[in-house]
Structures are given as C-alpha cells and as structure tokens.
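Below is one structure; the comments refer to it alone.
The values are calculated or read from the model by the stated rules, or taken from the named source; none is laboratory data. None of these values were measured; they are calculated from a predicted model. With ideal geometry, Cβ positions are generated from the backbone for all residues, glycine too; neighbour counts draw on all protein chains shown.
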Amino acid sequence: MDAGHTLERRLTRSLSRAIMDFQMLADGDRVMVCVSGGKDSYTMLHLLRDLQRRAPIRFELKVVNIDQGHPGYPADRLRNYMRAENYDFTMIEEDTYSIVTDKIPEGKTFCSLCSRLRRGILYRVAKEFGCTKIALGHHRDDILQTLLLNLFFAGQLGAMPPKLIAQDGNVVIRPLAYCAEEDVAAFAREKEFPILPCDLCGSQDNLQRKIVGTMLNDLEEKHPGIKGVMLAATQNVRASQLLDKDLWRSLGLEAAREVEAEAGLVSPGRLVRLST
C-alpha cells in the first residue's frame, strides 16, 4: 500500500470517528462546508465528499467561501478549482477587510474581530441556504492550541467543541477534530490543492496562537506522541480534581474522593503513549 493511500485512510478514519463520536451528521442534512482556501478546509471538503459517496445516510454539501475584500485576493483560483471539481459552490463577497483595518490599531492582531465578522456572515448565509450544519476545518492542533491559549491567557479551561449549537440555532461541526495537522498538511501537498494566502491575519507573525503552536511542535519533537496524550486528556476529564466552585456545586461534591491508581492518573514525569 502506498504512503498516500495510507495517509488518506488515516485521515478518513479520524474524520469518521469524530463524526460518529459526536453525532455530527444525520440523514437528510444539508451541510455548509466553509472553505477558506487553506489546507485544512480543502482536506475537510475532500474527505466529506468521499464520505458522502460511501455513507449509509444521505447528506448534501454546499460549499461556501467568503471574499472579505483583501487586496489581491485570488478569488478566481478558488472558483476555477471548485468548477473543475464540480462542487456546488458559492462565493460570498463581504468587505470585512476595510472594517477590520479601520477598527484595529496598527500593530494589533486582527483575528478576533475578523473571525467574529466572518462567523456572523456564515451563520446568516447558512440560514439563507437552508443548511442544517456548518462544517469548519479546525483540526486536532487547533483544538490543543486553543486549550493552551485559554489556560495561559484567558484563565479558563476550554478548547473548541467538536459540535456546537450557536445561540441562533445554527449547528457548527468540526469533522477534523481528531486529525493531526501534519497529516492534513501532507495530504494537501499530495493533492496539490490551490492554497490561497491570508494576507491579513496570516501576515502577523506575533500572534499568540503561533507562539503556542510552536511550543506544541517543540514538545512533540522532544516527546513524540505528546499531542495525542493531550487530546486524550480533553476526553478524560476529572471534574472533581479541578477548582471550579460552581462545577463542584453542580456535581453535589463536598470533597474529592481518593482516586485509585488504576483510574489512569499519570504520575509527574511519566508520559503515557496513547494512540489517536
């Protein structure tokens, strides 16, 4: 079996497992697949269409991209690819670039405002198209980076939910939740997806997310498998071992009970290798 086929099988297996674990898809769904032009969303779209052909349920894919008005945005490159691949594709033109550059002082990061504006557009468009789910291309490393960003800079324990019901009723899913970024990157290179650059937020090298991402990669290089262990930790929460008073009250706890060794806690300095 060639390496490319093995890679696609691994990604497909991870995507399918996430979809089943969190019941992301149901028969009759119309899924709005949000494609930014980056490696992650291209990979998600490719894998979802392959799953669509084999799945025991029927669901539709509606592919959407937002042209946010970035100077020199190569929209035709994406349009040509979608046309050649025969996707049901719509490009939404919304000039959020002018809003972001006007509101955010020079030297500050644009991501927060840019993502809020983009999310609002996607939620609105999903309802206009009658979509029941919104699929985003965040992968395992995005989830781990968000976990550390919240821990280090927001003072809270939280990551990206694989499935989210928004306040307006839209259902957001992240089918790549179990997929490793290095696999996604290798697959995108193999398929030669026409990657579109992000000249707004992607050009800001001092982003906290990039710093955290570099730290995670350094840890993975020194301790192979540590990202898999971290992802496993998000699926193995010991609520009574945390210090959230509201959580303790909701669980009806007065004191944490002693945890037996076989419960799976890891002693300091010991790394347990877990597969993802």
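Listed values, structure above:
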{"quantity": "Selection from the range 129-178 of residues that are without any contact (Cβ under 8 Å) to a residue 24 or more places away in the chain and either crowded, with 23+ Cβ neighbours inside 10 Å or of a type in the set (A, V, I, L, M, F, W, C) (or both)", "calculated": "Leu151, Ala154, Met160, Leu164, Ile165"}
{"quantity": "Test: residue in the range 36-56 that is in the same structural domain as Phe193 (by TED's automatic domain parsing), within 16 Å of Phe129 (Cβ to Cβ), touching a Ser or Thr at 6+ places or on another chain (Cβ under 7 Å) and buried (at least 16 other Cβ atoms within 10 Å of the Cβ)", "calculated": "no"}
{"quantity": "Residues located in the range 120-179, provided they are part of a loop (DSSP other than H, G, I, E, B), more than 19 Å from Arg209 (Cβ to Cβ) and of a type in the set (D, E, K, R)", "calculated": "Asp168"}
{"quantity": "The range 3-31, residues that are in a helix (DSSP H, G or I) and touching a residue at least 40 places away in the same chain (Cβ under 8 Å)", "calculated": "Gly4, Leu7, Glu8, Arg10, Leu11, Ser14, Leu15, Arg17, Ala18, Ile19, Asp21"}
{"quantity": "Enumeration of residues in the range 4-35 that are surrounded by fewer than 21 Cβ atoms within 10 Å (Cβ to Cβ) and in contact with an Asp or Glu (Cβ under 9 Å, 6 or more places away or on another chain)", "calculated": "Gly4, Leu7, Glu8, Arg10, Thr12, Gly28, Asp29, Arg30"}
{"quantity": "Unique residue being at pLDDT below 90 and in a helix (DSSP H, G or I) when the list is Glu220, Glu262", "calculated": "Glu262"}
{"quantity": "Any helices (runs of 4 or more DSSP H) falling wholly within the range 35-104 and containing at least 1 residues that are under 18 Å from the mean Cα position of the chain (by Cα) and farther than 22 Å from Leu117 by Cβ", "calculated": "39-54"}
{"quantity": "Residue ID - nearest to Leu25 (Cα to Cα), chosen from residues in the range 48-97 that are touching a residue at least 24 places away in the same chain (Cβ under 8 Å) and of a type in the set (Asp, Glu)", "calculated": "Glu60"}
